[in-house]
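Derivation of every value follows stated rules applied to the coordinates shown; laboratory data play no part. The model shown is predicted, which means the values in this text are computed figures rather than measured ones. Because the Cβ atoms are built from the backbone with ideal geometry, glycine has one as well, and the counts that use them run over all protein chains shown.
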Amino acid sequence: MNQIAHDRLLIIDFGSQVTQLIARRLRELHVYCEIHPFNRVSDDFLRDFAPKAVIFSGGPASVFAKDAPMPPPSVFELGVPILGICYGQQVMMHCLGGKVERGQATAEFGRAYVTAKNSLPILDGWFQDGPEQVWMSHGDHVSEIAPGFQVYGTSPNAPFAITADPTRHFYAVQFHPEVHHTPKGAKLYESFVRLAGFKGDWTMGAYKDEAIRKIRDQVGTARVICGLSGGVDSSVAAVLLHEAIGEQLTCVFVNTGLLRQGESDEVVGMFRDNFNIPLIHADESELFLGQLEGQSDPETKRKIIGKLFIDVFQKHAAEVGNAKFLAQGTLYPDVIESVSFSGGPSVTIKSHHNVGGLPEKMGLQLVEPLRELFKDEVRALGRELGLPPAFIGRHPFPGPGLAIRCPGEITREKLDILRQADAVFIDQIRKHGLYDEIWQAFVAILPVRTVGVMGDGRTYDFACALRAVTSVDGMTADYYPFSHEFLGETATRIINEVKGINRVTYDITSKPPGTIEWE
Ligand code: XMP
């Protein structure tokens, strides 16, 4: 494990939904960190990992619960700075002799304002203009701080909002500095890692080298196939793998019959022209469309597609010298939306085809080198790997493709209409110079026909919805504020140019409560 030359920070995960955001804030500060679940952090692990600082994440548990998640006591003996967040604060106080009380009247969810009590180097830049906004999300709260600690900030419902023992460099806050709703949170992390002595020399280049090392360790001399969907993620994964294992890699681009207009040519062309990676172009549209016929439930569609992808990959794995591994461009948001922390099914929002849609039994082992990254980080990695800028800037396109933009039953007729409408919409966006301002734009064909009038005749055709959103990482999104002129012009073009659509709507739902895709 100790092959990494960089200073490392250990994040002990107690199950917060936003633990990855802590890692992300640290990567923005060029600090190397790893997240490990609390139950895998043993004394031996700590010794071997030798962190320069430790962060305890938040989490849904209560220190009063039977088998409450705890860090190993030896973490406090390492002599390195520790920052506890929310549950991480409670657990720190609990372990070091303070007290935690059950929530009820003092539970806090959402925005709160913290007032300064004392100054502290880790709060550099805070409280210059009075109280600071923070994001709280806690039931229990600390009621008595541990010996050696002092209070540095309070909020109406959290008298111990910011606590610290500056001698031991133990810091503990009740709020979440990693979320955007704590505007000075990034500054707090910056001060913490500076105090801990990190040099901030961890770059995307270093991430790439580390990812290459991990891929080589994982696959050894085995052959690997990589599923290419045409999106940025799988393309970046493919080029990264090629740098790592060269000839051992074969890419498989599957035409599912659910691609956009011109997509196959564009992707295959991009790979053939720019990279010398063996590429199988598998036309499996009959297989996919055949099995999707008659299906209208979103999760069923996703499961069918996930399974068929694996069938196709397995077939090709056998052909290319018995490949043992399947590489995918799975990202972190795909992972958290598809599985809950505990592995239970309750919070699955949708089964992203390459995570929740995978069959239980699969002859191939997964290689997912992007699993901890967010989209904008994948783009940065793509630039590092020399992918053409136009390709890196492409809007995301989901593996299940047009299937999840065709609510209700999927038919070839609807897919053809959808492809044409989508091409007009994207053309409009490009012509108006808006493509790079938008995270993702597409058309969904709706499962309703509506009455219209064209010339002197009655029409009875499909309605469609335009969707265009802005986002930083796909986790939250807002609709793009097109002008009425743009929307009017686009609607006219779609109705005039696409036979089969006679009504155009614009979807102005944000995420949450909506999701970006319609299914
Ligand atoms: P949602 O619809 O969940 O989408 O807000 C967030 C981002 O993820 C993409 N997406 C997928 N990508 N396989 C993928 O490769 C999937 O199953 C999948 N589902 C959604 C979506 O296009 C958006 O960028």
Legend entry - Among the listed pairs 184/375; 52/199; 375/511; 324/375; 117/184, those beyond 19 Å (Cα-Cα): 184/375; 324/375
Inset, instruction - May I ask you to sort 442, 397 by Cβ crowding, counting other Cβ atoms within 10 Å and putting the fewest first? - result: 397, 442
Inset, instruction - Amide H neighbours of residue 117 under 5 Å, at least 5 residues apart or on other chains, H built in the peptide plane: list them. - result: 153, 154
Legend entry - Radius 14 Å from Cβ of residue 509, net charge of other residues (Lys, Arg +1; Asp, Glu -1): -2
Legend entry - Charged-residue dipole, Cβ positions (Lys, Arg, Asp, Glu), region 411-506 about Cα centre, Debye nearest 20: 400
Inset, instruction - Identify, among 181, 162, 205, the residue whose Cα sits farthest towards the positive end of the charge dipole of region 139-207, taking +1 on the Cβ of Lys and Arg and -1 on the Cβ of Asp and Glu, with the dipole about the Cα centre. - result: 205
Legend entry - Likely footprinting exposure, 484, 30, fewest C-beta neighbours within 10 Å first: 484, 30
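With a Förster radius of 35 Å, plug the Cβ-Cβ distance of residue 62 and residue 42 into 1/(1 + (r/R0)^6) and report the FRET value to the nearest 0.05. Write down the numbers at each step before the final one.
Details: r = 23 Å, r/R0 = 0.67.
After rounding to 0.05, the efficiency reads 0.90.
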Inset, instruction - Name the long-range amide H neighbours of residue 295: under 5 Å, sequence gap of 5 or more, or other chain; modelled H, no Pro or chain starts. - result: 410
Legend entry - Mean shadow area of the chain over all directions, Cα convex hull, nm²: 26.5
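Defining a contact as two alpha carbons under 8 Å apart and six or more residues distant in sequence, what relative contact order in percent does the chain show?
Values: 1004 pairs, mean separation 51.6, N = 519.
After rounding, I find 10 percent.
Report, as a whole number in µm² per second, the diffusion coefficient that Stokes-Einstein gives for region 204-392 at 25 °C and 0.890 mPa s using the Kirkwood radius over alpha carbon pairs. Provide the component values of the computation, followed by the final result.
Details: Rh = 17.0 Å.
Once the numbers are plugged in, D ends up at 145 µm²/s.
Give me the net charge for the shell around residue 267: Cβ to Cβ below 12 angstrom, other residues only, Lys and Arg +1, Asp and Glu -1. Let's see the in-between values first.
Numbers: positive: 260, 272, 394; negative: 263, 265, 266, 273.
Neighbourhood net charge equals -1.
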Legend entry - Where labels lie 7 Å past Cα in the beta-carbon direction, separation of residue 118 and residue 413 in nm: 7.6
Legend entry - Semi-axis lengths (Å, descending) of the ellipsoid that matches the C-alpha gyration tensor of region 411-506: 25, 15, 11
